[in-house]
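Report on the structure given below.
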Amino acid sequence: MIYFDNAATSWPKPPGVTEAMVHFLEKVGANPGRSGHRPSVEAGRIVYDAREAVAELFHAPDPLRIVFGANATEALNLALRGLLRPGDHVVTSSMEHNSVMRPLRALEEQGVSLTVVPCSPQGFLSPPDLEGALRPETKLIVLNHASNVVGSLLPVREAGQIARRHGCLLLVDAAQTAGDYPIDVQTEYIDLLAFTGHKALGGPMGTGGLVIGERVPVDELEPLKRGGTGSRSEHEEQPDFLPDKCEAGTPNAVGLAGLAAGARWVLETGVEHIRAHEVRLTQQLIDGLREIPGVTVYGGLDATRQTAVVSFNVAGLEPSEVGLRLDEEYDIMCRVGLHCAPAAHRTIGTFPTGTVRFGLSYFNTPEEVETALEAVRAIARANK
Amino acid sequence: MSYGVVLVPSTSHAIRAERVCHLAGLKVKLIPTPRQLSSNCGTALRFDWEERETVEQVLRANKVDYDEVHQLEW
Ligand SMILES: Cc1ncc(COP(=O)(O)O)c(C=O)c1O
């Protein structure tokens, strides 16, 4: 099997991830931070290891300002619903995933005003366009770090500078970049970074989180849920400090054990090294697809300006048909359709049909890319 | 022997406190919070009382919030 659906979730996981989860279940087992006995403290240490590894990877100065949750969607909901109030203005791009768009559309109903800045048909955002959308009451800019449809990298550092100049905050959706593209929340002026654990970070599903920078007013951040934290147990009110304020309920400690191992593997392998491999594969894929008659490739067509995600269509065939044939006849897994991102597909001109998307990872090889190119060639030829 | 105990807001703080103290070469240990001390958290950081100043310096330098510091005879 050739697995080219890493943009949906990564597979295989890095070495050590499964083992860390089995170790947790078989040898640790206790509820982290609840009970004070040794296995409970050990479970707490493992969860802390995940915090520390993720903090190191994103250059976040304080591991305790990382709030874990189920995925990027939960982190984005926490940031958006936790900070925006009626009367606030928020600016986003036309390349966003529905995990940003849907909460924003719901907030719009409640009196938050929203500006969606159009991106180019290749999926890129111009910083002056972004800056032009800001108003005195703009509280937040929220941007995809990279599109899950065409991989285009958005100018987060420039957005961070714009946010500082205008006194608002920058929230970055790093679902598609965390783990295989360098991220530095300090030098890129990222106030809030939402990440998911199950993609390039190499962890299991059910893990993700929000990095909360020092400019974010924690007292104004409304948690999504309230409940037990193991701390301040004599109080019936939610603790006001991080991470407990936003981490009610028993965490997915077994998942976080896996995430810690995945993030450590990324640190040890080196993001730059992972990125360089993916850039080579991505360019090979783009160049190969472009040579096939009848195939349209979307995006900037330059691997250095995007992540390892390539969207294309074959003339005369529905994306779902191409996907089915790749799966059943060639044993190649991809994702077709709208990829939870209707706005992005409108931007690149592929709404409502969608595209066929290949999402590569560090574990893919040039040979697999060549095999996939052969398959697309055969499918396109047969359709002529 | 005289020990110090640092009370912290949560286990995450306790573990971070332990980590930064270890990195600074201090001999510290996480213990269940002694019953006679009232704390927000069931886990506390124990250290040698002679090192009190260094421990507090290290915690402050790493911005680890803590509540109270107590001296205990073990
Ligand atoms: C750009 C982008 N944002 C957010 C998400 C949501 O991630 P999750 O499903 O892990 O919450 C995804 C992936 O599904 C994504 O590609």
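The values are calculated or read from the model by the stated rules, or taken from the named source; none is laboratory data. Note that this is a predicted model, so its numbers are computed, not measured. Positions of Cβ are generated from backbone atoms using ideal geometry, with glycine treated the same way; all protein chains shown enter the neighbour counts.
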Requested in this report: Take the residues in segment A:26-38 that are within 14 Å of another protein chain (Cβ to nearest Cβ) and basic (Lys, Arg), then tell me which one is surrounded by the fewest Cβ atoms within 10 Å (Cβ to Cβ).
Outcome: A:38
**Report entry** Total residues in segment B:1-26, condition at pLDDT below 95 and charged (D, E, K, R)
**Finding:** 0
Query - Selection from segment A:163-209 of residues that are among the β-branched types (Val, Ile, Thr), more than 10 Å from the ligand (Cβ to nearest atom) and surrounded by 22 or more Cβ atoms within 10 Å (Cβ to Cβ) - result: A:172, A:183, A:185, A:190
Query raised in the report: So is residue A:260 within 14 Å of another protein chain (Cβ to nearest Cβ) and of a type in the set (Gly, Ala, Ser) or not?
Result: yes
Report task. Please list, ordered by first then second residue, the pairs with beta carbon atoms under 7 Å, 6 or more apart or interchain, first in segment A:322-342 and free of Cβ contacts under 8 Å to residues at least 40 places away in the same chain, second of a type in the set (S, T, N, Q) and surrounded by fewer than 17 Cβ atoms within 10 Å (Cβ to Cβ). Result -> A:336/A:320; A:337/A:320
Query raised in the report: Can you find even one residue in segment A:38-45 that is closer than 29 Å to residue A:285 by Cβ and of a type outside the set (Val, Ile, Thr)?
Result: no
**Report entry** Pick from segment A:62-78, criterion within 12 Å of the ligand (Cβ to nearest atom) and buried (at least 24 other Cβ atoms within 10 Å of the Cβ), ranking: farthest from residue A:144 (Cα to Cα)
**Finding:** A:69
Requested in this report: Taking only segment A:324-370 into account, find how many residues are under 19 Å from residue A:277 (Cβ atoms), touching a strand residue (DSSP E or B) at 6+ places or on another chain (Cβ under 6 Å) and of a type in the set (Gly, Ala, Ser).
Outcome: 1
Requested in this report: Can you tell me which residue among A:271, A:211 is of a type in the set (Val, Ile, Thr), under 14 Å from residue A:67 (Cβ atoms) and either more than 14 Å from every other protein chain (Cβ to nearest Cβ) or under 18 Å from the mean Cα position of the chain (by Cα) (or both)?
Outcome: A:211
Report task. Could you tell me whether residue B:15 is within 11 Å of another protein chain (Cβ to nearest Cβ) and assigned to a strand (DSSP E or B)? Result -> no
Query raised in the report: Of the numbered conditions (1) more than 13 Å from the ligand (Cβ to nearest atom); (2) surrounded by fewer than 19 Cβ atoms within 10 Å (Cβ to Cβ), residue A:84 satisfies every one except a single condition; which is it?
Result: (2)
**Report entry** One residue from A:116, A:112 being more than 16 Å from the ligand (Cβ to nearest atom) and in contact with a strand residue (DSSP E or B) (Cβ under 7 Å, 6 or more places away or on another chain)
**Finding:** A:112
Query raised in the report: Restricting to helices (runs of 4 or more DSSP H) lying wholly in segment A:97-194: which have 2 or more residues that are within 18 Å of the chain's Cα centre (by Cα) and touching a residue at least 24 places away in the same chain (Cβ under 8 Å)?
Result: A:98-109, A:156-166
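Rundown of residues vs (1) hydrophobic (A, V, I, L, M, F, W, C); (2) farther than 23 Å from residue A:202 by Cα, yes/no style:
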residue: A:326; (1), (2): yes, yes
residue: A:332; (1), (2): yes, no
residue: A:336; (1), (2): yes, no
residue: A:345; (1), (2): no, yes
residue: A:350; (1), (2): no, yes
residue: A:353; (1), (2): no, yes
residue: A:358; (1), (2): yes, no
residue: A:375; (1), (2): yes, yes
**Report entry** Pairs, first over 16 Å from residue A:274 (Cβ atoms) and away from chain B (no Cβ under 14 Å) in segment A:1-25, second polar (S, T, N, Q) and more than 16 Å from the ligand (Cβ to nearest atom), C-beta under 8 Å, six or more apart
**Finding:** A:2/A:364; A:2/A:371; A:3/A:364; A:4/A:364
